[in-house]
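Only one structure is covered here, and it is reproduced in the block below.
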Number of protein chains: 2
Amino acid sequence: MEVVRKNFKETLPLIKESIDKADFFAIDTEFTGLLNGRDVSIFDSPEDYYLRVMNGSSEFLLIQFGISCFYWDEKRNHYLNDTYNFYLYPRGRPGPDRLFLCQSSSLDFLASNGFDFNKLIKEGISYMTSSTETKLRENLAERQLSYSKEKDAVRIPEENRQQIEDICTKVKNFIEKSTDAEMEINRCNSFIRMLLFQELKLRFKDEIIVDTKVLENKNRILKVIRKTADMDDQDTLRKKKEWDELEEAIGFSKVAQMISQSEKLVVGHNMLLDVLHTLGHFFQQLPSDYESFKEFTHCMFPKLLDTKYMSSLPPFKDKLGSSVLTELLATLGEPPFSLPKIGSRKGRGYSHLDDKEHEAGYDAYITGLCFLAMHAHLARMRGEDTDRVQPHSVTLKPFLNKLFLAKTARQDSPYINLVGADPTPARDHVFHLVFPKEWQRSDLSQLFSPFGPVTVYFLDECSAFVGLDQRDQAPDVMRILSKNNRVTLTPYHKYKSGGNGGDTEQQQG
Amino acid sequence: MEVVRKNFKETLPLIKESIDKADFFAIDTEFTGLLNGRDVSIFDSPEDYYLRVMNGSSEFLLIQFGISCFYWDEKRNHYLNDTYNFYLYPRGRPGPDRLFLCQSSSLDFLASNGFDFNKLIKEGISYMTSSTETKLRENLAERQLSYSKEKDAVRIPEENRQQIEDICTKVKNFIEKSTDAEMEINRCNSFIRMLLFQELKLRFKDEIIVDTKVLENKNRILKVIRKTADMDDQDTLRKKKEWDELEEAIGFSKVAQMISQSEKLVVGHNMLLDVLHTLGHFFQQLPSDYESFKEFTHCMFPKLLDTKYMSSLPPFKDKLGSSVLTELLATLGEPPFSLPKIGSRKGRGYSHLDDKEHEAGYDAYITGLCFLAMHAHLARMRGEDTDRVQPHSVTLKPFLNKLFLAKTARQDSPYINLVGADPTPARDHVFHLVFPKEWQRSDLSQLFSPFGPVTVYFLDECSAFVGLDQRDQAPDVMRILSKNNRVTLTPYHKYKSGGNGGDTEQQQG
C-alpha cells in the first residue's frame, strides 16, 4: 500500500494496527546517495567501518521507507503481510528548510527502477528528528502565548493607504451584500497582506476571520471567511492550524517511533545503512562514539536481524550462490529450500510476483519472505512443527543484533555486534605501502611475489593496503622489503595508530 | 522547444544556427537550491556580496537552462524567437559521479511550478566544466594507447570453468547454426563478464564482437554481435564508442561555449546567480578573487544586460511598481509602454501567453520581451525609427555589464560593475551592535531613538548591523552610546576590517 502526504493521516491508525498485531517486520529504505568521501577499505575494523559510513552518509536524505508487517493467521496457519511503501520528503515550514546531498548515480539508479521523483517532492511525507520535534513544540507553545497580547499597530504608509481602503470597502460589501461564505484577496505582497490582517481585524473582528492560503504554485493570497455562530475566534483557529501543521511536519517520525516502541523483531537485508538512516533522520544525530552508537541502536531497536548476515552463515553459506536480494529469493524458492505461503488482505500487501524491485515496500516484503524461508529451513532441521517465528527462540539467537559489513566480510570482520564484542580479525598480514606513481597492480604483485599472492586495496594512485593471502609469511615482510628504497612500508596496526597521521584526514578526499 | 538527452545531438545544429543568426539572447536558469549558509546582508559591498553568493551557491546543481534567441525578420520588420528549454543533469560515467546539494524548499517550489524531476533525472543532458573535459580527453587518449598491447590473461578459477565453458558452447552454436545478428548473455556478474570478454575474444576473434549493454534498470549484460565484412575490429569500435560517450557527457557545455564564443549581447533578469552557475558549471570553478571574477566573466560574456537593473533606473524606475518578472511584463504591456510584436516559426519559440512561469525557456523568452519593450521605449524617447537592437548604441550603454544586487539595492550598492569601479556607498552611518539576548527589535529602536529611525539587519540573536536613516546623525553615535555597558558598538568599517575576526567565520553557521 502506497502512503503519501494526502493519505498519511487517515492511514496512520491502520499502520498502528498492523504494527500491533505483527510478529515481526521487514524494512527497506532508499536514499539520495550512498557515500560521500572515501569508501571503506576491506581491512577496516567494524569500528572504522561504522565511523566512515556514519560520516559519509549523514547528509543524504532518506526518501522512501518500506515496512512489511507479518502477522500470523491462526485459521489458515500461515503468515499474512500488511506492507506500506512511504514516499518521504522533509519540506520546510514549520519544519526546518533542509539542505541535503545527492549523488547523481544514485538518483539515476532509482529513476531507472521506476522511482517517481515528482511524487516524492510533491507528495512525500515530512519527517524530523525527535530533538527537532521537541524544539519546535517548545517554540510554538511559547510563541502562541504572545498572541493574546496587544501589539503596536504598524502605521499604514501614505502610498499604500488608498489600496488598503479599497480592499476594506470590498470586504465591507462582501459582509453586507454577499451570501458567499468566503472571499479571496489576491495580488498583494507580504507587506500589504500584513497591513490588511491588521486593518481587517480592527474593523470587522466580529464579522469575519482572515486567513492566508497557499496556492498550488506557492503564491500566497488572503482568504476572508464569514464568521458563524459556532466558529472559534481567530486566535483559537490559528493556534489549532499551527499545531496541525506541526503534526504534519513531524509526519513519518511517528511511524518510526511506533516501530521502536513495539520492541519487536526488525528484519533487513544488508541493513547497516537502513539502520543508520532510520536512527539519524527520525531519532537523533548519530553518535561519533562507537560504543554509544551500539547502545543507542540496541535501545531503539532491541531485536534486529540482517538476512545478509544470516545467509552468510551455515547451513546457508554453501547453498546460496549470491546473496543479492532477488537472487537469494530465487535460490530460496528451489530445493532444499521453499518459499512459505504468504497471503494478504486485498490492497494491503504485496506478492513476490509483483516485480517491483528496488521499491522499498516490495524489497521489504521479499526480505521478510527470504527470512521466513531460511527460518523454516532451520525449523525443519530442528524438527519443529510450526513455521511461526518465535523471536526469543534459540533458532534465531546466533543471528540477532549483528549488522553485516558487506565490504569487509571477505576479510573476516563480517559484522557489527550490537550486544557484545566485535570480531577482532588479525591484521598482522596487512601493510600500508607508498609506491611510485607510475606503478600498476602488477608491480605490487611483483614486489610481494616472494610471499605469495596478495590482496591489494588502493587508497590513491601512490598508496595502498596490501594483505598477504599466506598469512604465515608475514614475519619476513618488513625485514626483506624495508630495504627497497622505492617504497615505504608500514605494518597496518602501526599505520592505523597514527604514526603518520592515520588516514582520517583523507576521509573527505 | 524542449531539449533532452534523446534529441540533443540532432538539435545541436539547429541551436548553432539560432545562435549564429540572433541579434541577442535572453537566458534563465533553474538550480537545486539558492544559498547554503548565511544570507548576504543589506549593507554588503558588491565584493562581499559576490563572495558570499559564490561560496554559498557552488554546490547546488544547475538543472534547467532556457535560452531565447531573438533574430530580426527584415520582411516583417520585427523580431522572431527561437527558444530552447534544456533539462540538464550531469550523470556519471564517463563524466564524474557528482555529489551535489539540494534545498528542500527550492525543489518544492520548482515541483509546484510544473518542473518534471523524473524527466530531469532520466532525460537530462549531461555537462561538465572545461577543465574536466580537458582532463577526460587526455585520460581517454592515453588509456586507448594501451588497447593494442597484449595483456596478461586472468586465470579462470576452477569454480567458474564450467560456467565459462557452457557459455562458450552456446556462442559457438550461435556462430555456426543461428542466423541472428546478435545474441545476449545475461545473469553474469562483473567478474564472469570480464572472463568471458577475454575468453570469447581469444576463441572467436574473427567471427564475433563482444560488447557490454546497459539495460533500462541499469543491469549489465553481454552482447555478442556477428561480425560482417565491413565491420571495424573490436578495438576500433570500442574506441569510437568511448569517444561518443565522452561527447555525450560534455553535452550542454558545448552550447554554453557557443554562446560565449558568439560574443553577443546576453540578457537576463536578476541574473547574478544565472551568471555564476553558468560560469561555474560549464566553464570553470569561480575564482575567490573578486577582480579575477570580473575579468573572467567579462572575458566569457563581453555584453551582459540585467533587465532588473535596467528597470531600476530612470526613465523606468518610477513607472514600474514591481520588478518581479511577470509583473514587469504586465506593466510593460500598458501605456506608456507596449509589448513589441514577436513571432516564431512553428514549434521553435514561445508566446507570452503560454503561461509557463518558472520554466527556464519561458522565463528567458519573457525576459527578452521585457528588454525589447524597455528598449523600444528608450528608442521612441530618442526619436529613433527602428526597434532593432544595436548592442553598441549609446541607448544601451548605461545598462551594460552591470549585475543587479537585489538585496543590497535598497542600501545604495545596487550592482556589480564588470568593466569598472563598483559603487562604494558610504557606511559611516552603519554600526555593528552586540546586545543582550532577550532584546527585541523595539529595544534596538529605543537605543537609537536619539538619532532618529534605523534600519536593522540581524546577524544572530544577539548581534546586528544598524544603519541610521538620518546619516548626518552618525558622528554622535559612538560618543553617546559607547557609555552604555549593556551593548558593544563598533563602526561598520572597523568591524569589517576584522578587528574582531570579521564575520567570515560565521558564514557556514
By residue number, the members of region B:247-264 that are of a type in the set (D, E, K, R) and under 17 Å from residue B:23 (Cα atoms) are B:263, B:264
With respect to residue A:367, determine if the residue is touching a helix residue (DSSP H, G or I) at 6+ places or on another chain (Cβ under 7 Å), over 30 Å from residue A:11 (Cβ atoms) and among the hydroxyl-bearing types (Ser, Thr, Tyr). no
Could you count how many residues in region A:290-310 are surrounded by 21 or more Cβ atoms within 10 Å (Cβ to Cβ), farther than 15 Å from residue A:398 by Cβ and more than 17 Å from the chain's Cα centre (by Cα)? 1
Does any residue of region A:427-446 turn out to be loosely packed, with under 15 Cβ neighbours inside 10 Å and of a type in the set (A, V, I, L, M, F, W, C)? no
Subset of region A:127-139 (residues that are in a loop (DSSP other than H, G, I, E, B) and surrounded by fewer than 22 Cβ atoms within 10 Å (Cβ to Cβ)): A:129
Taking the condition of being under 19 Å from residue B:408 (Cα atoms), in a helix (DSSP H, G or I) and at pLDDT 85 or above, how many residues in region B:469-504 meet it? 4
Looking at B:143, B:137 in this structure, which one is farther than 25 Å from residue A:107 by Cβ, in contact (Cβ under 8 Å) with a residue 60 or more places away in the chain and either basic (Lys, Arg) or within 14 Å of another protein chain (Cβ to nearest Cβ) (or both)? B:137
Can you tell me which of A:168, A:69 is assigned by TED's automatic domain parsing to the domain that holds residue A:372 and without any contact (Cβ under 8 Å) to a residue 60 or more places away in the chain? A:69
Residues located in region B:214-224, provided they are within 14 Å of another protein chain (Cβ to nearest Cβ), among the basic types (Lys, Arg) and assigned to a strand (DSSP E or B): B:220
State whether the residues of region B:358-369 include one that is on the phi > 0 side of the Ramachandran plot and within 14 Å of another protein chain (Cβ to nearest Cβ). yes
What pairs can you find where one residue is in region B:419-446 and within 14 Å of chain A (Cβ to nearest Cβ), the other is loosely packed, with under 11 Cβ neighbours inside 10 Å and of a type in the set (D, E, K, R), and their Cβ atoms are less than 9 Å apart, with a gap of 6+ or different chains? B:442/A:152
Candidate set from region A:22-41 (those that are among the acidic types (Asp, Glu) and buried (at least 23 other Cβ atoms within 10 Å of the Cβ)); member that is farthest from residue A:74 (Cα to Cα): A:30
Criterion first (more than 14 Å from chain A (Cβ to nearest Cβ) and either modelled with pLDDT under 95 or crowded, with 23+ Cβ neighbours inside 10 Å (or both)) does residue B:48 satisfy it? yes
Any residue in region B:94-116 that is within 19 Å of residue A:219 (Cβ to Cβ) and more than 7 Å from chain A (Cβ to nearest Cβ) sitting within a Cβ distance under 9 Å of a residue that is of a type in the set (Asp, Glu) and buried (at least 20 other Cβ atoms within 10 Å of the Cβ)? List the pairs, counting only those 6 or more apart or interchain. B:106/B:30; B:110/B:30; B:114/B:359; B:115/B:30; B:115/B:359
Just to verify a result, which residue in region A:188-213, among those that are part of a loop (DSSP other than H, G, I, E, B) and in contact (Cβ under 8 Å) with a residue 24 or more places away in the chain, is nearest to residue A:93 (Cα to Cα)? A:188
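The values are calculated or read from the model by the stated rules, or taken from the named source; none is laboratory data. Computed from a predicted model, the values in this text were never measured in an experiment. No Cβ is skipped: glycine too gets one built from the backbone with ideal geometry, and neighbour counts run over all protein chains shown.
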